[in-house]
Amino acid sequence: MRRIKIAATVLAVSMLAGVFAGCSKTANISTEKFTKICEKMGLEEFEIDGEMPKPRDVEKGYYIAADGDEAEELIGPQFRHGIDDIASLIGIVDFIDPDDVESVGFAARVDGYKDLKRADPKELEDLEVDGAVAFQMTLDDNYSEDIMSYFTELLDKYDISTDDLSDKEFYSSPKEGYLRLHINVADFAEMVIDNDNLDEYAELTLNEDMEDLLSGLTGDIALSVEVNGANVLVVAGFSLNRDADTLKDFIKRFGVAYDPLKLPMNETVAETAVEEAGLAINAYVITNIASGDIIDDGGDVDIDGGSVDVDINGDSGFKVGISMPTQDLMRWYQDGSNLKEQLEENGYTVDLQYAGNTINTQVAQIENMINSGCKILVIAAIDGSSLTTVLEEAAAKGVKVIAYDRLIMATECVDYYVSFDNYTVGVLQATYIINALDIENNRGPFNIELTAGDPSDFNARLFYNGAYDVLSPYIASGQIKVVSGQTAFEDVATSGWKTDQAKARAENIISSYYSDGTDIDAWLCSNDSTAWGVIQALESRNYKGTYPIITGQDCDLVNVKSIIAGKQAMSVFKDTRTLVDQTAKMVMQIAEGEVVDVNDNSTHNNGVKTVPSYLCSPIFVDENNYKTILVDSGYYSETDFI
């Protein structure tokens, strides 16, 4: 799949429709003038640095302006940016030498984009959106004849004679040329409805619901291409169910010689568009194109061939499934919602499900995601060994799988793993205990108990191994004593990371070994839910000894409150915003066919394969730094702790 930016895809609609428009002479818009125009329009300059603009940049409006060597780089085919996409669509890069490029400018704004990206293609009656782009290029040679010849050939490709266009729609000479387009969405929709050959061209049955949808749409699409010697100016835009204010503003500000919106829709060209492109401008296509996606999931849009094969019952956008274990823990709830929001901001369709910590529910939800057309799955497994069969179904359909923070075990059908350095999590917890006890200066012995995580969670063993590797020399020397004698992972594990199970085991240990007032100096807990169980057990058993140093992980709100209250000493903070950002990046890299970022190709073997992984770095939070790490960073607000 190739994700084409909104600027380029507005032009793609024009190409698909086969209806063209342009303007007469254009002034030489220098980089300085282009910049001033954009600033007066309230657009913000976008610093490229190899990055692509995000949807939020399109919503508020942005521009790029460059000259000299930077302009050559922007227009070159090696730089995959919206500028290059536009240049490709209008044929410029085919015959322009980048060395001839003196300046380039690009601007875009889409008012209502946030609503558009979440739009249901079958329910657009209330959607209001209006957007436009501008593209300017100054060359050091005259390319007018070459550019206009390209458009003449393109018209011929659609069996459209230039004789079918008025002198306001098309003009070409060795020194200048223009091309204009105006599509009235309502009029074009009526032509689509009246077409008798939809099944042949679009493989879609035009039922009454579809007719109602199309007949309810209003708006405009317009394109202006001006070529004057060494100068090129393109302004394109659209509106849906609202006035084209943004488009009109772009047309006026950038000095388009003739407003293409004033042109009537050319009936001959529009009829050709319906026949050649089928439903070139139905609700499904216009939603995908305007939101920056020309996709091959549920439909195949071929710009060059002018054909559209669309399933109106499919979902708009490249679809991603997110399967989280539970929404009862704030950590998982936030991870799921934050990842969904970030992907949707980048034009993806997202199916987010929480499984209530029930394995069968998670399996069923993943099956539904596969069958509903998800091309990528992000899965935080409840039981890492329970997904073998359902992931075989995913692999059979070419679905890529990212294991999220919990490695999926015993299957070849997991492509990537994204998590934190989980061995280091345990090291941080145990080191905190060693330092808090000042064990290097006190011989002890110190009494300690251990509570680990779910035995089916690959990470649980990493947490425990990291901690035990730090503690074991002190246990061997007698400076640390595990009074209960329970040190094997299988003995200290907590099924499902469940608080009530951690509490029950802790209550049994307290009653059996500490009821006489013996101190518990520290209690290593692998995460916050098990730490909360230990805290409850200490209270329910009326523990009378010195309050232990209790570790945790995840910085759940209730546990941070316990840290502030002095009941829990620390919690390892794995800033899941970092994890979400990295996961979103990996999803988009997979979707784009790019190389996926990994930084570990040797550590995480799931019993069948070593899974390529990206590991983020954890830190710890205690009463001394929680404000800096959690509040100042915006993860929590101060009022959350009231």
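List of remarks:
- Structure note, pairs K574/K609; K40/K175; K340/K609; K481/K627; K60/K340; K319/K340: Cα-Cα distances above 23 angstrom occur for K574/K609; K40/K175; K340/K609; K481/K627.
- Three principal axis extents describe the C-alpha atoms of segment 587-628; from largest down they are 43, 29, 12 Å.
- Positive-end extreme of charge dipole, segment 485-642 - chosen from T578, S617, Y514 (charges on Cβ): Y514
- Accessible carbon and sulfur surface of segment 469-523 relative to its total accessible area, %, 1.4 Å: 42 percent
- Expected-Rg normalisation [2.2 N^0.38 Å, Cα atoms] applied to segment 561-617: 1.60
- Computed on the Cα atoms alone, the convex hull of segment 483-547 gives a volume of 76 cubic angstrom per residue.
- Computed over the Cα atoms of segment 399-526, pair by distinct pair, the Kirkwood hydrodynamic radius stands at 15.8 angstrom.
- Pairwise FRET efficiency - A396 versus Y547, Cβ, R0 = 45 Å, nearest 0.05: 0.25
- Portion, in percent, of the accessible area of segment 537-642 that falls on carbon or sulfur, probe 1.4 Å: 48 percent
- Translational D in µm²/s for segment 486-642 (Stokes-Einstein at 10 °C, 1.306 mPa s, Kirkwood Rh from C-alpha pairs): 89 µm²/s
- Principal semi-axes in Å for segment 332-454 [√(5λ), Cα gyration tensor, largest first]: 38, 17, 13
- Taking amide H as placed 1.01 Å from N in the peptide plane, the amide H of S385 sits under 5 Å from that of M409, each at least 5 places away or on another chain.
- Peptide packing for 167-174, 591-598 was compared via the average number of neighbouring C-beta atoms within 10 Å per residue; ordered from the highest value, the list is 167-174, 591-598.
- Neighbourhood net charge (9 Å Cβ-Cβ; Lys/Arg +1, Asp/Glu -1) for V350: -1
- The average projected area of segment 350-417, computed from the convex hull of its Cα atoms over all directions, is 3.9 nm².
- Shape category assigned to segment 126-168 from the gyration tensor of Cα positions, a/c cut at 1.5: oblate
- Solvent exposure of segment 407-490, expressed per residue, is 38 Å² of accessible area, with all protein chains present and a 1.4 angstrom probe.
- Under 5 Å between amide hydrogens, built in the peptide plane, is the criterion, and for V378 it picks out G321, I322, S323, I402 among residues at least 5 positions away or on other chains.
- If the Kirkwood radius is taken over C-alpha pairs of segment 505-594, then at 20 °C and 1.002 mPa s the Stokes-Einstein diffusion coefficient equals 144 µm²/s.
- Solvent-accessible area per residue in segment 537-642 equals 44 Å², computed with a 1.4 angstrom probe and all protein chains kept.
- Cα-only Debye scattering, segment 447-489: base-10 log of I(q)/I(0) at q = 0.31 Å⁻¹: -1.14
- Global form of segment 143-187, assessed from the alpha-carbon gyration tensor, a/c cut-off 1.5: prolate
- Whole-percent carbon and sulfur share, accessible surface of segment 319-431, 1.4 Å: 44 percent
- Annotation: amide H-H contacts under 5 Å for V572 (H modelled 1.01 Å from N, sequence separation of 5 or more, or interchain): G552, Q553, D554, C555, V621.
The values are calculated or read from the model by the stated rules, or taken from the named source; none is laboratory data. Note that the coordinates shown come from a computational prediction; the quantities given were computed from them, not determined experimentally. Glycine gets a Cβ as well: all are built from the backbone with ideal geometry, and neighbour counts include every protein chain shown. Note: areas computed on protein heavy atoms with side chains; ligands, DNA, RNA excluded. Shrake-Rupley method; radii C 1.70, N 1.55, O 1.52, S 1.80 Å.
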